[in-house]
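Read through the structure below, which is laid out as structure tokens, and then see the notes.
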């Protein structure tokens, strides 16, 4: 099948490369000249495990090409996937300007049997509205939300839990269903508003689980319960499940916060009070602030104190720092006068662009030099393999605050560290000083 993918970001480039791997002929449209040049040179503009190899293979074999000319790429395509960004506007609503730009161009297509599928996360009702505009040209429109996780996007594409297709066009339904058939996942055919809501509701529910367990973690700290065991006990119930129940510094990235705000804005538009959605966001924001308050209490103040940060990306497996809890914590620490030394295996450059005052080091052992506390803020597997005996020698005070529940408490305690984890009591060398009684805030 001839396919056009508009947008070479995390979603678009992954979809384009993976469809090419399935044997389709794919042209990916990217209007950013610098990114387009990098893609044509065989470079992947962001970190995503397994994706650079797919892009190089498909480009070499002639199944994947890149262009800046949308109409030229879309005209011969049997399916056009719109995967441009929909960042939050100032009022929390999704900014659809990039989608609208794509639609304006597609409206110039000659009459033909085109299917346009929206991968971009858009407010409920958008697909129907665009279908009315494009339908005059004989274009069949569908909502086809993506469920790719950064850090495992390639794996998620080839092994999806479900494929959602929302359309009122039998042509679009059958063509997209055939396209995804080789993946072997259940295909849910529905109307566009339902498909759009499935995407928003899925992300909102995942975020709700994270904020829920973080609030339970606060209670656990006060009553002497261990939140990790609590979460394990909850997760054994198949009605609940074990996923997204890890207490820590909260959620971030380009999807969950944005989609929550957009869904809350949609609710207000229809005079539905988004009490739960707004509470999930408040808990998440409070979790970051409370984490910094705890560190300040442990050190007896932050002004002039050296704090080491291990991890800056919003999660392991990506260089994405958009709405990263780690970066938000770094910004708060700097604002309170701390000297911040940071490391991330792939996201340091992106972090510095967003927070120029941040001092980043290529070696985590160098980043912790002279630190009075080490904060684990991204759950990179490599941090588990660090020489913590050497880190103990380099730090000024042996304190670790694990914001990601990486399960290192016992090991670090044996190395002489005092270890703090959300939702559990102090582990290791104890007491560290009178200020540790201020841990509960």
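The values are calculated or read from the model by the stated rules, or taken from the named source; none is laboratory data. Everything quoted here is computed from the prediction, not taken from an experiment. Quick reminder, even Gly has a Cβ in these numbers, built from the backbone with ideal geometry, and neighbours come from all protein chains shown.
Annotations for the structure displayed:
- Residues that are surrounded by fewer than 17 Cβ atoms within 10 Å (Cβ to Cβ) and under 22 Å from residue 105 (Cβ atoms) are absent from the range 8-20.
- Members of the range 191-207 that are in contact with a helix residue (DSSP H, G or I) (Cβ under 8 Å, 6 or more places away or on another chain) and over 17 Å from residue 265 (Cα atoms): 192, 195, 206
- Residue satisfying condition, being in the same structural domain as residue 141 (by TED's automatic domain parsing), modelled with pLDDT under 95 and part of a helix (DSSP H, G or I), within set 13, 19, 54, 71: 71
- Test: residue 105 is free of Cβ contacts under 8 Å to residues at least 12 places away in the same chain, surrounded by fewer than 23 Cβ atoms within 10 Å (Cβ to Cβ), not in a loop (DSSP other than H, G, I, E, B) and not assigned by TED's automatic domain parsing to the domain that holds residue 268: no
- Here residue 337 clears all of (1) in the same structural domain as residue 203 (by TED's automatic domain parsing); (2) surrounded by fewer than 22 Cβ atoms within 10 Å (Cβ to Cβ); (3) more than 18 Å from the chain's Cα centre (by Cα) except the condition numbered (1).
- Total residues in the range 234-274 satisfying the condition of being farther than 30 Å from residue 319 by Cβ and surrounded by 13 or more Cβ atoms within 10 Å (Cβ to Cβ): the figure is 6.
- Residue 92 fulfils the conditions (1) farther than 26 Å from residue 1 by Cβ; (2) touching a residue at least 40 places away in the same chain (Cβ under 8 Å); (3) part of a helix (DSSP H, G or I) except for a single criterion, (3).
- Residue satisfying condition, being crowded, with 18+ Cβ neighbours inside 10 Å, assigned to a helix (DSSP H, G or I) and touching a residue at least 12 places away in the same chain (Cβ under 8 Å), within set 99, 80, 84: 99
- Reported count of residues in the range 170-186, each being surrounded by fewer than 18 Cβ atoms within 10 Å (Cβ to Cβ) and in contact with a helix residue (DSSP H, G or I) (Cβ under 9 Å, 6 or more places away or on another chain), is 1.
- In the range 289-301, the residues that are without any contact (Cβ under 8 Å) to a residue 60 or more places away in the chain and surrounded by fewer than 21 Cβ atoms within 10 Å (Cβ to Cβ): 289, 301
- Extreme residue, farthest from residue 8 (Cα to Cα), among residues of the range 33-47 that are within 23 Å of the chain's Cα centre (by Cα), in a loop (DSSP other than H, G, I, E, B) and without any contact (Cβ under 8 Å) to a residue 40 or more places away in the chain: 43
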